[in-house]
Amino acid sequence: WYQRRVREAVVSTQSTGKNSSREQRKLIFKSLSGQFKKLTLHAEAVTVIDTLYNDYATSKERTEMITEFYGKELYLYRDLLSEHFTKVIELYPDKKDKVLEELLNHTQVFIEKGLTGHIIVQHLMLQYFLHGSEDTIQELVTEKLIEQIVNFVHTKEGSKIAMRCLWYSKAKERKLIIRTFKGHVKDMCMNENSYLVLCALFDCVDDTVLVKKAILSEIMESLDTITMSQYGRLLLNYILAPRATKIFPPSIVDCLKVGDTNK
């Protein structure tokens with residue numbers, strides 16, 4: 001009964017948000033203010049929060065949503081922050097470790113509950129994956145997270161998480177990640193974000209037999225389709241000429257260089 005009522009509330013709230021004016025959305029946002037963290041951790045309600053964050057919230061509203069996850073102390077100073085953790089480091093460097101601990105705890109819950117397909121969840125997880133320790137990130141790359149990885153490789157922030165899963169994981173987990181991509185390679189090749197995950201894979205995985213069997217074989221099966229795609233061609237170029245500056249802009253090269261320091 002309870003779950004049915006929650007689902008009905010989710011559908012109703014989403015419909016209200018879609019059909020309401022900006023002023024009405026402000027009222028919806030205000031009514032939820034202070035509850036974003038609690039609702040994001042709820043398997044049903046997170047859908048509403050994700051839609052609000054991704055489709056309707058202003059930059060200021062997004063910041064308020066995100067800073068709820070930084071702890072009560074920093075939430076008081078949310079007007080000075082942004083939705084990116086770098087602002088916390090800049091303004092309150094003494095709070096960095098405490099907030100990272102908060103983000104780590106939330107990330108563990110997101111993974112355990114299987115919520116990683118949501119944009120707001122990916123944003124929060126990425127803040128930890130960008131600023132947390134490599135050893136702790138390695139511990140996060142468990143079978144539970146790996147089985148969800150195809151849910152977030154196609155988004156901008158999700159692809160950055162996936163790349164770090166590859167870079168900082170152990171050989172056993174890397175193999176599991178590669179096997180998880182089986183059946184999804186063609187789509188990954190043709191997406192503006194996930195093709196970069198495959199570029200990162202070719203950079204850091206030494207098991208050429210597995211890569212050939214699980215990745216290259218699927219590329220060859222759909223080669224005609226992949227070569228018709230802008231991002232598919234970029235991936236093929238990367239395989240032949242990794243980080244060629246005439247093909248890849250500095251932003252892409254710098255993004256992939258981060259993985260060069262992995263253990």
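The values are calculated or read from the model by the stated rules, or taken from the named source; none is laboratory data. If you're wondering where the values come from, they're calculated on a predicted model, not measured in any experiment. As a convention, Cβ positions derive from the backbone with ideal geometry for all residues, glycine included, and neighbour counts pool all protein chains shown. Please note that ligands, DNA and RNA were not included when accessible areas were found on the heavy atoms of the full protein model with its side chains. Shrake-Rupley method; radii C 1.70, N 1.55, O 1.52, S 1.80 Å.
Ranking of Arg78, Arg179 by solvent-accessible surface, largest first: Arg179, Arg78 (1.4 Å probe, protein heavy atoms only, all chains present).
Which net charge results for the neighbourhood of Leu80, defined as the other residues with beta-carbon distances under 11 angstrom from its beta-carbon, given Lys and Arg at +1 and Asp and Glu at -1? Write out the running numbers ahead of the final one.
Details: positive: Arg78, Lys87; negative: Asp79, Glu90.
Every neighbour counted, the sum reads 0.
Once the C-beta distance of Lys170 and Thr208 is scaled by a Förster radius of 30 Å, the resulting FRET efficiency is 0.95 to the nearest 0.05.
Could you grab the relative contact order for the chain? Cα pairs under 8 Å, six or more apart, rounded to a whole percent. Relative contact order, the chain: 12 percent. Reported to the nearest whole Å, the Cα centre-to-centre distance from segment 231-263 to segment 138-160 is 20. Take the Cα of Lys60, step 7 Å toward its Cβ, do the same at Ile89, and the gap between the two points is 2.7 nm. Accessible area ranking (1.4 Å probe, heavy atoms, ligands and nucleic acids excluded), largest first, for Ser222, Ser59: Ser59, Ser222. Placing dummy labels 7 Å off each Cα toward the beta-carbon, the span from Leu76 to Glu192 is 4.2 nm. Three principal axis extents describe the C-alpha atoms of segment 105-221; from largest down they are 40, 25, 22 Å. Within segment 171-220, the ratio Rg/Rh, alpha carbon atoms throughout and Rh by Kirkwood, equals 0.92. Of the solvent-accessible surface of the chain, computed with a 1.4 Å probe and all protein chains present, 52% belongs to carbon and sulfur. So what's the angle, to the nearest 10 degrees on a 0 to 90 scale, between helix 119-131 and the longest Cα principal axis of the chain? It works out to around 70 degrees.
What is the sum of charges around Cys204, taking Lys and Arg as +1, Asp and Glu as -1, for the other residues whose C-beta is under 10 Å from the C-beta of Cys204? Mind showing how you got there, number by number?
On the way: positive: Arg174; negative: Asp203, Asp206, Asp260.
Within the 10 Å Cβ shell, the charges total -2.
When the solvent-accessible surface of protein heavy atoms is calculated with a 1.4 angstrom probe, in what order do Glu221, Glu112 fall, highest first?
Numbers: Glu221 150, Glu112 120 Å².
Largest accessible area first, the residues go Glu221, Glu112.
Projecting the Cα positions of Tyr238, Leu176, Met190 onto the charge dipole of the chain (unit charges on Cβ atoms of Lys, Arg, Asp and Glu, taken about the Cα centre) puts Met190 furthest along the positive direction.
Fully extending the segment from Asn151 to Met228 would add 25.3 nm, taking 0.36 nm per residue of separation and subtracting the current Cα-Cα distance. With a ≥ b ≥ c the root eigenvalues of the C-alpha gyration tensor of segment 167-250, is it rounded (a/c under 1.5), prolate (a/b larger than b/c) or oblate? Because a/c hits 1.5 or more and a/b fails to exceed b/c, segment 167-250 counts as oblate.
Rounded to the nearest 10 degrees, the inclination of helix 22-32 to the longest alpha-carbon principal axis of the chain is 80 degrees.
For the chain, find the longest principal axis of its Cα atoms and tell me its angle to the long axis of helix 2-19, 0 to 90°, nearest 10. So the helix axis and the longest Cα principal axis differ by about 90 degrees. Contact order, relative form, for segment 113-263: 22 percent (alpha carbon pairs under 8 Å, 6 or more residues apart, mean separation divided by residue count).
Under a 1.4 Å probe, what is the accessible area of segment 107-194 per residue, stated in Å²? Intermediate values should be presented prior to the final figure.
Numbers: 3460 Å² over 88 residues.
Per residue, segment 107-194 has 39 Å² of solvent-accessible surface.
Label segment 201-248 by shape, choosing from rounded, prolate and oblate, from the square roots a ≥ b ≥ c of the eigenvalues of the Cα gyration tensor; if a/c is under 1.5 it is rounded, and otherwise prolate applies when a/b is larger than b/c, oblate when it is not. Oblate shape, in that a/c is at least 1.5 and b/c is the bigger or equal ratio.
At 222 nm, what value in deg cm²/dmol follows for the chain if DSSP H runs of at least 4 each add -39500 (n - 2.57) and the sum is divided by all its residues, to the nearest 500? Please list the in-between numbers first.
Working: 20 runs with 174 residues, N = 263.
Dividing the helical sum by the residues of the chain leaves -18500 deg cm²/dmol.
Once Rg and the Kirkwood radius are both taken over the C-alpha atoms of the chain, their ratio Rg/Rh works out to 1.00.
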